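Right, one structure below, let's go through it.
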Amino acid sequence: MEELPRRKEPGERLKAASLYCFSTCRRSFSFKGHLTHHTATHLSEKPFKCSFCGKSFISGGLSAHRRTHTGERPFTCKVCGKAFIRSDELLVHIRIHTGEKPYTCKICSRSFARSCHLTTHMRTHTGEKPYSCRMCGKSFSENRSLTAHVRTHTGERPFSCDTCHKAFTDKRNLATHARTHTGEKPFSCCICGRSFSSSNKRTCKITLINY
């Protein structure tokens, strides 16, 4: 008796051929579901709406977004117990413990734990500054730097010191300021060994010694 072709299970990986996005980029996929999800990014289709705030998503983003409303953090680090909304956030966090930095700059060989950090770093080589202030035209390599800059126009200072209540436009500036209270100096000069509260001061020290 002739054997009937085996029925393909839902989500089964295609072995003989790949599926292609012909409409725009011709990117290939091994799963029909992945192709459907990708095609929606070209068509700007966001059929899944959040019942809390009404924001719309393509298929993969709604579940994680809902957790920002419910406070649910189902992905927990087994080393330190810190919990996350998404599994990919946990994966990146674990690299803090393992020291893994899989994304390496081809120009200077510096490595990073996140691909987005490598993308931002590459702009120090290319000089690219894609984020521009609509008020004064000043450009930045990072979106968060632009956000902090815009606050110099609006006067907004959302980050306040718990000790002296001084306010800052950027969270990183607050972290540096907080060390003036704690005395923490995590940055060390590789030449003389002197410690500093910020990386900028360490750079200045190295410059002075070299000259």
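Quick note: the coordinates plus some simple rules give every number you see, no bench work behind them. Computed from a prediction, not measured in an experiment: that's the story for all the values here. All Cβ positions, glycine included, derive from the backbone under ideal geometry; neighbour counts span all protein chains shown.
Loop-located GluC sites (Glu not before Pro) across the stretch 62-163 with a Cβ neighbour count of 13 or fewer within 10 Å are Glu72, Glu100, Glu128, Glu156, with loop assigned by DSSP.
Remark: the stretch 74-88, residue by residue, has Karplus-estimated 3J(HN,Hα) of x, 10, 10, 6, 6, 8, 10, x, 5, 10, 9, 6, 10, 5, 5 Hz, where x stands for each Gly or Pro and the curve is 6.51 cos²θ - 1.76 cosθ + 1.60 at θ = phi - 60°. The fewest-to-most ranking of Lys166, Lys78 by surrounding Cβ atoms within 10 Å reads Lys78, Lys166.
Computed over the Cα atoms of the stretch 62-211, pair by distinct pair, the Kirkwood hydrodynamic radius stands at 18.8 angstrom.
With contacts taken as Cα pairs under 8 Å at a separation of at least 6 residues, the stretch 75-154 carries a relative contact order of 14 percent.
Summing Lys and Arg as +1 and Asp and Glu as -1 over all other residues whose Cβ lies under 15 Å from the Cβ of His65 gives a net charge of +4. Across q = 0.15, 0.24, 0.26, 0.27 Å⁻¹, the stretch 75-154 modelled as identical point scatterers on its alpha-carbon atoms has Debye log10 I(q)/I(0) values of -0.72, -1.00, -1.08, -1.12, in the order of the q list. Distance from the C-alpha centroid of the stretch 44-99 to that of the stretch 114-164: 24 Å, rounded to the whole angstrom.
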